[in-house]
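I have placed the structure first, in the form of structure tokens, so that the comments after it can refer back to it.
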Amino acid sequence: MSRLVVVSNRVTVPQKSGDAPAGGLAVALQAALEERGGIWMGWSGNSSGERGPEKLDIREHGNITYALTDLTDTDVEEYYHGFANRVLWPICHYRLDLAEYGRKEMAGYFRVNRFFAHKLAPLLKPDDIIWVHDYHLIPLAAELRQMGFKNKIGFFLHIPWPPADVLFAMPVHEQIMRGLSQYDLVGFQTDFDLDNFGGGLVREGIGERLEGGKKFSTYGRTFKGGAYSISIETKAFAEFAVKASKSSMVRKARQSVEGRDLIIGVDRLDYSKGITQRIDGFEQFLKLNPAYQNKVTYLQVTPKSRSEVPEYEQMQRTVAEQAGRVNGALGTVDWVPIRYVNRSVPRPLLAGLYRLAKIGLVTPLRDGMNLVAKEYVAAQDPEDPGVLVLSRFAGAARELSGALLVNPYDIEGTAHAIARGLTMSLDERKQRWEKMMEHLLKYDINRWCDDFLKDLTEE
Ligand code: GDG
């Protein structure tokens with residue numbers, strides 16, 4: 001079996017404690033690489049200041065060789081904070097209003113991709129399978145091809161792919177599309193994203209959809225495309241949650257909600273996650289259902305992310321103020337309606353809290369997949385499962401048909417779904433949960449990885 005070489009923006013080397021890091025990409029990939037063995041290359045997350053970084057930092061952990069590089073301050077600013085997070089992220093989440101395009105940042109993005117290719121090249125063997133991840137590294141295959149590499153190279157996009165009208169508003173869309181055409185397989189989270197990609201090519205007259213949308217031809221190349229819904233280690237996570245729920249940490253958390261129903265939301269602090277709309281929905285629920293006042297606690301766990309980007313810094317303040325306002329207006333001396341935790345909680349506690357919560361509230365405005373939704377389902381007690389309230393705009397909604405689907409922009413709709421979830425009969429909860437759990441056991445992270453690699457390696 002060929003070696004697997006994974007390249008992604010961030011590489012999170014496992015900590016000794018064995019506690020998995022926050023972030024869907026890291027959680028998912030570690031499991032995939034451990035099984036197959038290989039290299040995981042990417043940015044260390046550190047800056048080398050203004051001087052070019054030294055040689056790669058190589059670390060061996062079990063079956064995986066981690067190869068880390070620092071980046072200069074300018075690289076971090078232009079490539080990461082600049083083009084990746086202030087252009088591609090908002091564009092792919094349909095937020096044209098937040099995209100801040102600049103030529104300097106664009107040049108930095110392509111420059112860092114070239115730098116990554118040059119760092120990776122000496123580590124590669126001719127039959128290595130290369131798997132590039134996410135929007136930070138779209139041009140990587142083009143750089144490797146220019147250096148003469150003929151390896152199979154696949155790309156997986158963890159975030160949504162927007163329709164043509166949104167994508168083509170981005171001034172450098174052509175370079176981005178050309179970059180994607182250099183892969184052998186371009187994978188998206190859902191059929192909707194795949195369809196947006198193929199539809200965009202055809203509508204703009206720059207390419208064709210072949211074999212019923214499984215192949216594309218553009219810029220002189222023909223390559224495969226597919227939808228591969230990323231998932232979790234379902235069985236292991238379910239077992240982990242059972243164990244975690246017996247821990248003293250979770251017992252303490254159970255005591256602290258004092259018999260009230262728990263609603264849980266877990267998201268990196270990001271405007272795509274719909275946190276402010278969700279708080280509005282919860283407030284509306286309490287106003288429409290006053291009998292629930294003092295009977296329910298909404299816990300929102302929101303680790304900080306990308307605080308260097310102004311939109312995120314601003315959002316941190318907005319969400320904290322909003323939670324404070326609702327608590328001030330509706331809370332009582334002995335009841336805090338919203339518990340807002342603005343940092344990461346340990347994974348065992350998270351799993352135990354999922355299991356404790358009557359409702360998992362997952363309402364992004366747009367999300368590639370959303371692994372929290374899947375973790376919430378996997379963590380439930382089969383004899384008394386909670387209800388998943390899920391945004392129809394999360395990729396996970398294409399699979400989790402047992403959830404109560406909501407439009408996150410419809411605040412009253414979210415409020416009604418919360419009420420419906422809290423009053424749902426045990427029979428209906430079980431029926432809905434079983435359907436989702438059965439699906440997740442079949443389509444877990446290993447299946448995602450196998451399906452992608454099979455399509456990448458097969459002729
Ligand atoms: C991107 C795409 C796609 C969160 N808070 C804590 C914590 N987490 C963990 C969750 C989950 C992961 O982080 C978040 O994954 P998501 O999938 O929900 O979201 P993104 O980080 O935006 O990931 C997304 C994903 O890539 C994979 O392709 O699904 O659409 O945006 O695993 O449990 N973990 C701990 N403490 C926390 O406070 N320990």
Per the filter on segment 297-328, residues in a helix (DSSP H, G or I) and open to solvent by 70 Å² or more (accessible area, probe 1.4 Å) are Glu313, Gln314, Arg317, Glu321, Arg325
Of the residues Tyr80, Tyr94, which single one is touching a residue at least 12 places away in the same chain (Cβ under 8 Å), open to solvent by 10 Å² or more (accessible area, probe 1.4 Å), in the same structural domain as Glu35 (by TED's automatic domain parsing) and in a loop (DSSP other than H, G, I, E, B)?
Tyr94
Test for Tyr340: is it in a strand (DSSP E or B) and either at pLDDT below 95 or within 13 Å of the ligand (Cβ to nearest atom) (or both)
yes
Cross-chain or 6+ apart pairs with Cβ under 7 Å, segment 269-296 first and assigned by TED's automatic domain parsing to the domain that holds Gly324 and open to solvent by less than 10 Å² (accessible area, probe 1.4 Å), then in a helix (DSSP H, G or I) and among the small types (Gly, Ala, Ser):
Ile279/Ala323; Gly281/Ala415; Phe285/Ala415; Phe285/Ala419
If Thr12 meets every condition in (1) open to solvent by 20 Å² or more (accessible area, probe 1.4 Å); (2) under 29 Å from Met106 (Cα atoms); (3) at pLDDT 90 or above; (4) among the hydroxyl-bearing types (Ser, Thr, Tyr) apart from one, which number is that one?
(3)
Hits in segment 414-459 - residues which are of a type outside the set (Gly, Ala, Ser) and in a loop (DSSP other than H, G, I, E, B)
Met424, Tyr443, Asp444, Glu458, Glu459
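Rundown of residues vs (1) within 16 Å of the ligand (Cβ to nearest atom); (2) in the same structural domain as Tyr298 (by TED's automatic domain parsing); (3) open to solvent by 10 Å² or more (accessible area, probe 1.4 Å); (4) free of Cβ contacts under 8 Å to residues at least 12 places away in the same chain, yes/no style:
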position	(1), (2), (3), (4)
Ala396	yes, yes, no, no
Ile411	no, yes, yes, no
Ala415	no, yes, no, no
Arg432	no, yes, yes, no
Restricting attention to segment 318-336, does a residue exist that is closer than 30 Å to Phe83 by Cα, within 16 Å of the ligand (Cβ to nearest atom) and touching a His at 6+ places or on another chain (Cβ under 9 Å)?
no
Number of the exception - Tyr183 against (1) open to solvent by 10 Å² or more (accessible area, probe 1.4 Å); (2) under 23 Å from Arg145 (Cα atoms); (3) assigned to a loop (DSSP other than H, G, I, E, B)
(1)
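Identify all residues within segment 350-387 that are of a type in the set (Val, Ile, Thr) and within 9 Å of the ligand (Cβ to nearest atom); write none if there are none. Quick ask: steps written out before the conclusion?
Start the filter on segment 350-387 by keeping residues that are of a type in the set (Val, Ile, Thr), which leaves 359, 362-363, 372, 377, 387.
Those that are of a type in the set (Val, Ile, Thr) and within 9 Å of the ligand (Cβ to nearest atom): Val362, Val372.
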When you go through Ser425, Ser401, Ser391 one by one, which is the residue that is within 12 Å of the ligand (Cβ to nearest atom) and either assigned by TED's automatic domain parsing to the domain that holds Tyr292 or surrounded by fewer than 24 Cβ atoms within 10 Å (Cβ to Cβ) (or both)?
Ser391
Where residues in segment 253-268 are modelled with pLDDT of 95 or more and open to solvent by less than 30 Å² (accessible area, probe 1.4 Å), which of them is nearest to the ligand (Cβ to nearest atom)?
Val266
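Listed here are the residues, each with its yes/no results for (1) assigned to a helix (DSSP H, G or I); (2) over 20 Å from Arg306 (Cα atoms); (3) modelled with pLDDT of 95 or more; (4) open to solvent by less than 20 Å² (accessible area, probe 1.4 Å).
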{"residue": "Glu60", "(1), (2), (3), (4)": "no, yes, no, no"}
{"residue": "Thr69", "(1), (2), (3), (4)": "no, no, yes, yes"}
{"residue": "Thr74", "(1), (2), (3), (4)": "yes, no, yes, no"}
{"residue": "Val87", "(1), (2), (3), (4)": "yes, no, yes, yes"}
{"residue": "Met106", "(1), (2), (3), (4)": "yes, no, yes, no"}
{"residue": "Phe116", "(1), (2), (3), (4)": "yes, yes, yes, yes"}
{"residue": "Lys119", "(1), (2), (3), (4)": "yes, yes, yes, no"}
Return the residues of segment 138-161 that are within 14 Å of the ligand (Cβ to nearest atom) and either closer than 24 Å to Val202 by Cβ or assigned to a helix (DSSP H, G or I) (or both); say none if nothing qualifies.
Phe155, Phe156, Leu157, Ile159, Pro160, Trp161
Restricting to segment 354-388, and then to whatever is among the basic types (Lys, Arg) and in a loop (DSSP other than H, G, I, E, B), can you tell me which residue is most open to solvent (accessible area, probe 1.4 Å)?
Lys358
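The values are calculated or read from the model by the stated rules, or taken from the named source; none is laboratory data. Just so you know, these numbers come straight off a predicted model, no measurement behind them. Methodologically, a virtual Cβ is constructed for each residue, glycine included, from the backbone with ideal geometry; neighbour enumeration extends over all protein chains shown. The area values use the complete protein model at the heavy-atom level, side chains included, leaving out ligands, DNA and RNA. Shrake-Rupley method; radii C 1.70, N 1.55, O 1.52, S 1.80 Å.
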